[in-house]
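This report refers to the structure that appears directly beneath it.
Nothing in this text is a laboratory measurement; each read-out follows from the coordinates by a stated rule. Everything numeric here is computed off the predicted structure, so don't read it as measured data. All Cβ positions, glycine included, derive from the backbone under ideal geometry; neighbour counts span all protein chains shown.
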Amino acid sequence: MDWQAWLSVSLAVTALLTMSVGRVAPHLVMMGVLVILSASGILDASQALAGFSNSGLITVAAMFVVAAGIHHSGGVDLLVNHLLRNPKTTRSAQARIVLPTALLSGFLNNTPVVATMIPAILAWSRKIGVAPSRLMIPLSYAAILGGTLTLIGTSTNLVVNGQYQALTGEAGFSIFSITAVGLPVAIVGLLLIIFFTARFLPDRKDQQKFGSMREFTLEVAVAMNGPLVGKTVGEAGLRELESLYLVEIERDGSVVTAVPSEEHLRGGDRLVFAGDTQAISDVLRINGIVPSVEGDEPALSKVRAERSLVEAALSPQSDVIDMTIRDARFRDRYGAVVLAVARGGERVSGNLGNIRLKTGDVLLLEARPAFVSRQRYNKDFLLINDLETQTPRHERAWLAWGILLVLVASAAFGALSMLNAALLGAALILLTGCCSVSQAQKAIDVPVLMTIAASFALGTALQVTSAATAMAMQIIGWSGGNPVLMLALVYVSVSVLTEMITNNAAAVVILPIVLSVTAASGLPAEPFVIAVMMAASASFATPMGYQTNMMVFGPGGYRFTDFLKVGIPMNLMIGLVTIAVITVVYQVPLVASGP
């Protein structure tokens, strides 16, 4: 290999290691790789930027809008309300979740499907008396399996198809090309979830992980005509308390939220602190602070127009990961105050300000009402739950489903290309008011699109240099010329990478190598490309391996080991079934015929 090939391989390895650590956002990593490849001359401008105009990428963006229309019109709620009802057993409850979720995820991006179902399933679990920990992993796994049913089931399928078209000049795959493999694999996977995986899920009852407000908040008052009247919060020393943080001030029937240090105190103010309630003596020691005697109901339990209580789960890309709550400065950064932190389904006790935040932590926040609309699509948060979301446009739910049906039929019968069908569907969603323009804009995940587009540059670099061919020959050598073993090696390579980095990036980096493998071996590319699609989706073993896994991590009260326990067997079984089905469907020979 020449220096261009070695540099391309080095960039690929560096990017994979950097993304696996999770310190730097994937889109920033891949954009950095793109810049180096372009500046070094390995790729010219058109090659480096080709990913941004790739039909697969544009199709993904359009499908985000279609999924937003289904979501905001209440289309998912429509099915959930009709299908969940009142199961008699835990297994029956799991079956009622996984079957519709898999079907929905076959035609919609699974992230909005799971995001819509999580709050519904949490409420439903309390109603039927089944722990959320018994339901959330099945929800995520079903969404993952459902994504393998059609080409539009996940963004990865569309991206791989787009890159395949760009690298080979072929027409690409139809919407149901993957179904012959995805359907039997999904059926086996769903049966495994219901009859095998469910047995090993923890039974952590929804113990209201944040408990009673009294467990982590305390209330005092400012003495009438006392020495603190007229002083600011900062001057009164209320920002210097080691174990407590001032959350809000209740005054004359109204509330001051996310209290700034410059706020002036008045006599009779009711002060609400969060943190170590055992430290109340430290507060009462302050001259001018007296016990609060205003009723028995905690202030935060009262409904107030000025603020809302929100649960938010931290994503791996959050800027506050590994920071203490005190250093994260939530009030300045988000306009919200952390009241409590839950990890593994239990509230983290101790000094609130010194709690170091981890990926998947669920935070109970007191925030102004605008927080939810501002932060719902912020990369820092995987999921934000509150009761003040916009009311779905239920009267358009069936219309949104009809648009999706037209989209699928147009692509399936060849009336329109997948790209044009998706663009038409997105346009109809907006024109019919199934979702607003602002909702559509928020639904388009720009960091994901940037990661995908920039990943194309790395894939192209591996292809135009000798790197992909060299690695392909290595895989052929390991397989001893056995096509089935080659197929297994390709699947395992993508599967391992997907557990460490984003599935889109893993698929895009591996595909050029796969095409070199098939070209050198004289084998058809289609079964190997299908294997890449399947392996990139089948990520069950870690919370980080797939977006929906991380989304259910906090609400389900899971620990990392919970995913390892049930996910590793799922990865192995789904991998074996996938390779077997591809071998049978495509009649993969046991010996290569040569180039």
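Packing around the peptides 459-467, 114-122, taken as the average count of other Cβ atoms within 10 Å per residue, puts them in this order, highest first: 459-467, 114-122. Between Ser10 and Val437, the FRET efficiency estimated from the beta carbon spacing at R0 = 45 angstrom works out to 0.55.
Each peptide among 229-240, 550-561 gets the average number of other Cβ atoms lying within 10 Å of its residues, and from highest to lowest they stand as 550-561, 229-240. In this structure, the pairs whose alpha-carbon distance is over 28 Å, taken from Lys231/Lys358; Lys358/Lys442; Lys88/Lys565, are Lys231/Lys358. Taking the helices alone, the chain has a mean residue ellipticity at 222 nm of -16500 deg cm²/dmol, built from -39,500 (n - 2.57) per DSSP H run of at least 4 residues and averaged over all its residues. Computed from the Cα positions only, the extents of segment 122-212 along the three principal axes stand at 61, 29, 19 Å, in decreasing order. Taken about its Cα centre, the chain carries a charge dipole of roughly 1100 debye when the Cβ of each Lys and Arg holds +1 and the Cβ of each Asp and Glu holds -1. Packing, taken as the mean count of other beta carbons within 10 Å per residue, orders the peptides 481-489, 359-367, 154-162, 317-325 from highest to lowest as 154-162, 359-367, 481-489, 317-325.
Neighbour counts of C-beta atoms inside 10 Å place Val509, Val290 in the sequence Val290, Val509, starting with the fewest. Once Cα extents along the principal axes in Å is calculated for the structure shown, the corresponding label among (1) 84, 63, 48; (2) 106, 67, 45; (3) 93, 57, 47 turns out to be (3). Of the residues Val60, Val320, Gly522, the one whose Cα sits farthest towards the positive end of the charge dipole of the chain is Gly522 (charges of +1 on Lys and Arg Cβ, -1 on Asp and Glu Cβ, taken about the Cα centre).
If the label point is 7 Å along Cα→Cβ of Val496, which residues in segment 517-545 have backbone nitrogen under 13 Å from it? None, by backbone N distance to the label point.
Ranking Ser436, Leu405, Val338 by how far each Cα lies toward the positive end of the dipole of the chain (charges on Cβ) leaves Leu405 at the top. Here segment 476-574 is treated as a sphere whose radius is the Kirkwood value from Cα pairs; by Stokes-Einstein at 20 °C and 1.002 mPa s it diffuses with a coefficient of 151 µm²/s. Run a plain Debye calculation on segment 315-362 (Cα atoms as equal point scatterers, no solvent) and give log10 I(q)/I(0) at q = 0.18 Å⁻¹, rounded to two decimals, same order as the q list. Reported log10 I(q)/I(0), two decimals: -0.50.
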